[in-house]
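What follows is one structure encoded as structure tokens, with my remarks underneath.
What follows is calculated from the coordinates using simple rules that are stated; it is not laboratory data. Quick caveat, the model's predicted, so the values are computed rather than measured. So basically every Cβ, Gly included, is an ideal-geometry build from the backbone, and we count neighbours across all protein chains shown.
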Amino acid sequence: MSFWFADFQFHGSGYKRITFPSGTIASDSLVLANACELDGDGFPLTGNAKITVNQIVNQPDAVEIWLDVDWDSDLQIRVRFLVQ
């Protein structure tokens, strides 16, 4: 089992592809994810935007997630992953 995270800017709805080091994720890996907003110092924040991870699709050494960030402009987002 391993833990990973990815920080990026995002708003609206759409797919985001996250790559991992070689051998980390296979098509049959169990991948769980959660998402949150980050403050200006990079710390998790309970902000006013509703953020949801709706779909996780495993790829060799990557995942594609369908993410909804209910905000009109880009926010700094962190998605954390548990991979088994």
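Results, tabulated for the structure shown:
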quantity	calculated
Percent RCO, i.e. relative contact order, over the chain, from Cα pairs under 8 Å lying at least 6 residues apart	50 percent
Pairwise label distance in nanometres, Asp39 with Gln84, each label 7 Å out on the Cα-Cβ vector	3.3 nm
Per-selection Rg to Rh, the chain - Cα, Kirkwood hydrodynamic radius	0.97
